[in-house]
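Asks: My questions all concern the structure below.
The values are calculated or read from the model by the stated rules, or taken from the named source; none is laboratory data. Everything numeric in this text was worked out from a predicted model, so none of it was measured. Cβ: placed from backbone, ideal geometry, glycine included. Neighbour counts: every protein chain shown.
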Amino acid sequence: MTELAALTTRARNIFAHLVEAYLETGGPIGSKNLADMVDEKLSPASIRSAMAELEAMGLLYAPHVSAGRLPTDNGLRLFIDGMMQSGDLSPEERAAMTPHLNGDESMEDMLKQAVQGLSGLSACAGLVVVPLAERAVKHIEFVAISEEQILVILVDDTNLVENRLIPRPPGLAPQKLIEAGNYLNHRLRGRTLGELRRDSEAESAKLEGALGQMTADLIKRGLIRDTAKTAMSNSDMVAKSLIVHGRDHLLDDVAAMEDLERVRHLFADLDRQKELVSLLSEAETGNGVKIFIGAQTPLFSLSGSSLIIGPYQDDSRSLVGVVGVIAPTRTDYARLIPMVDHTAKLVSDILSRHGS
């Protein structure tokens, strides 16, 4: 039985009103205030009894001995997943979030515009993960590490590194690895991995004529993201880049020293990009918006922040990145979730129409 199913109708009603009041006011909610909110006529004593049960279930806690109750991170999760009704965006909000494109932008520029619109309308810090395939590549190298495997080293224009392991064709001479690297590096000129991949597919016959079929196959195999296994190393920054816009919004609600300490921890968390990108990449494993609340993820356990993120797709309908916002744990989830969902779908739609 789930926690939600285990709640009585009365406890569910009290819990929902308490969480809604907390999200609106930010302070502990007492039994007397709840008595005025709930649908049925209940005494403060009856409400206190129900609150004690909710606290025993780990859904509420008391910040002080004589204070009211606040929802725990698990309580917020239960409310968001099973009780909250998300709102709808107005036509004006949708228009404000639409990137103004002239058709010449790179994928990265378009993503920057999208996250800027999301950050501005949500008044939160917006973020987006850009796959390495859509960043300019400045160096590619093929290195034989065994008779069976080749290490493909990709370096983008921000010095992010991705290492890939691909099968080594039987009988492939070491000189062919050098030829493959030289061929690609001569044609980089700030182009993206996606562009190189599409060019190699379009010019397959020409490539085979210049280098031979075995080397041509090696090049095409090294450029295909889906069939190459990423080899993690200490120098890896994960094969993705993180863009954060609107960090100043994180300071909007700083009203006390403890808030300042929370924001200090949050800025430190944002600087741990490898861990953050790894966390964000979890959202690429399925459709729909995902929410990471406070202590439910080690990365934001000290800052008391929430991540609301959604995956976006490229023109081949593959999930390649995520877009979302960083917000205080106490935030308007009903408003932010549809904003993030709309932005992710907007980006996917643009990529599907124009190609990535």
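Asks: Is it the case that A95 is surrounded by fewer than 18 Cβ atoms within 10 Å (Cβ to Cβ) and farther than 18 Å from A21 by Cβ?
Replies: When the stated conditions are applied, A95 passes them.
Asks: Can you find a residue in segment 22-31 that is in contact (Cβ under 8 Å) with a residue 60 or more places away in the chain, outside the structural domain of T329 (by TED's automatic domain parsing) and surrounded by fewer than 20 Cβ atoms within 10 Å (Cβ to Cβ)?
Replies: Yes, the conditions are met somewhere in segment 22-31.
Asks: Picking from I309, I350, which residue would you name as being crowded, with 21+ Cβ neighbours inside 10 Å and more than 14 Å from the chain's Cα centre (by Cα)?
Replies: Step by step, each of I309, I350 is checked, and only I350 is crowded, with 21+ Cβ neighbours inside 10 Å and more than 14 Å from the chain's Cα centre (by Cα).
Asks: Are there any pairs, at least 6 apart or on different chains, whose C-beta atoms fall under 6 Å, with the first in segment 305-334 and on the phi > 0 side of the Ramachandran plot and the second crowded, with 24+ Cβ neighbours inside 10 Å and among the basic types (K, R), and if so, which?
Replies: Pairs that qualify, where the first residue is on the phi > 0 side of the Ramachandran plot and the partner is crowded, with 24+ Cβ neighbours inside 10 Å and among the basic types (K, R): there are none.
Asks: Looking only at segment 141-178, filter to residues that are touching a Gly at 6+ places or on another chain (Cβ under 6 Å) and at pLDDT 85 or above; which one of those is surrounded by the most Cβ atoms within 10 Å (Cβ to Cβ)?
Replies: F142
Asks: If I filter segment 282-326 down to residues being among the hydroxyl-bearing types (S, T, Y) and touching a strand residue (DSSP E or B) at 6+ places or on another chain (Cβ under 7 Å), which single residue comes out as modelled with the lowest pLDDT?
Replies: S305
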